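S.K.: Take a look at the following structure, please.
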Amino acid sequence: MTALLLTSHSPQATARYAEIIAAELRPRDVLLLAGDLGAGKTTFTKALCAALGVSDTVTSPTFTLVHEYRGSKLVVCHADLYRLERTGELADLGLDDARRGGAVLVVEWGDLSGDEFTEALTLTFTHAGEAERTITVASRGTTWGPRVTRLFAALGQGAVATPQAGGES
Ligand SMILES: Nc1ncnc2c1ncn2[C@@H]1O[C@H](COP(=O)(O)OP(=O)(O)O)[C@@H](O)[C@H]1O
Ligand SMILES: [Mg+2]
């Protein structure tokens, strides 16, 4: 499986990646976001929602676990599994229904869903400095196959150039 390693030097750069990904999304897509607290999952989600035409304020669904936003382009179901106490609870969140209804699922702490989603784009956020983050993008399942090539190309072009050691500055 191929993965794309992106570097972000600012919240704005992370938002730009979210916009590029938003442009490829279709109803029923699943994005699983992994990474520590403060790694940028919600920052990414806010920009993704804005790009999908959500005008409501997007807040972290830490306590309610799920928020749904109706964008002009797509409906977004934003979940946060951080407080999920047992995997069985996942089935009670209504994510499957939302997805069947055509929503895009964006799941923070999506790695806690285990193998629940067989089709997904996975994004792993890692701290690499105060405003530096690495974002590893990979896909799971078959529906992303052909699209992921196009997406990786678009993300690669949107990538912020990383200074090379020993290069000009
Ligand atoms: N490159 C970056 N990408 C995303 N967020 C960043 C970046 N640099 C700094 N930040 C800051 O890090 C914090 C990320 O918080 P948040 O998006 O809520 O993370 P999470 O949802 O993963 O806990 C925000 O305060 C954001 O402004
Ligand atoms: Mg968050």
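Derivation of every value follows stated rules applied to the coordinates shown; laboratory data play no part. If you're wondering where the values come from, they're calculated on a predicted model, not measured in any experiment. Methodologically, a virtual Cβ is constructed for each residue, glycine included, from the backbone with ideal geometry; neighbour enumeration extends over all protein chains shown.
S.K.: Using the charge dipole of the chain (Lys, Arg: +1 at Cβ; Asp, Glu: -1 at Cβ; taken about the Cα centre), state which of PHE125, ALA50, THR136 has its Cα farthest towards the positive end.
M.R.: The one lying farthest along the dipole's positive direction is ALA50.
S.K.: A further question follows. Using only alpha carbon pairs under 8 Å that are at least six residues apart, calculate the relative contact order of the chain and give it in whole percent.
M.R.: On the way: 315 pairs, mean separation 56.7, N = 169.
Reported as a whole number, the value is 34 percent.
S.K.: By how many nm would the segment from THR134 to THR62 grow when fully extended, if each residue of separation counts as 0.36 nm and the alpha-carbon distance is taken off? Working shown, then result.
M.R.: Numbers: separation 72, 0.36 × 72 = 25.92 nm, distance 2.31 nm.
Separation in residues times 0.36 nm, less the Cα-Cα distance, equals 23.6 nm.
S.K.: Provide, as a two-decimal number, the C-alpha radius of gyration of the chain over 2.2 N^0.38 Å, N being how many residues it has.
M.R.: That works out to 1.01 for the chain.
S.K.: Can you say what percent of the DSSP beta bridges in the chain, counting only those with both residues inside, are antiparallel? Round to 5.
M.R.: Working: 19 of 32 bridges.
Approximately 60 percent, going by the DSSP bridge assignments.
S.K.: Let me know the charge dipole size of the range 3-158 about its Cα centre in debye, to the nearest 20, where only the beta-carbon of Lys, Arg (+1) and Asp, Glu (-1) is charged.
M.R.: On the way: 15 positive and 19 negative charges, 118 e Å.
Using only the charged Cβ atoms, the result is roughly 560 debye.
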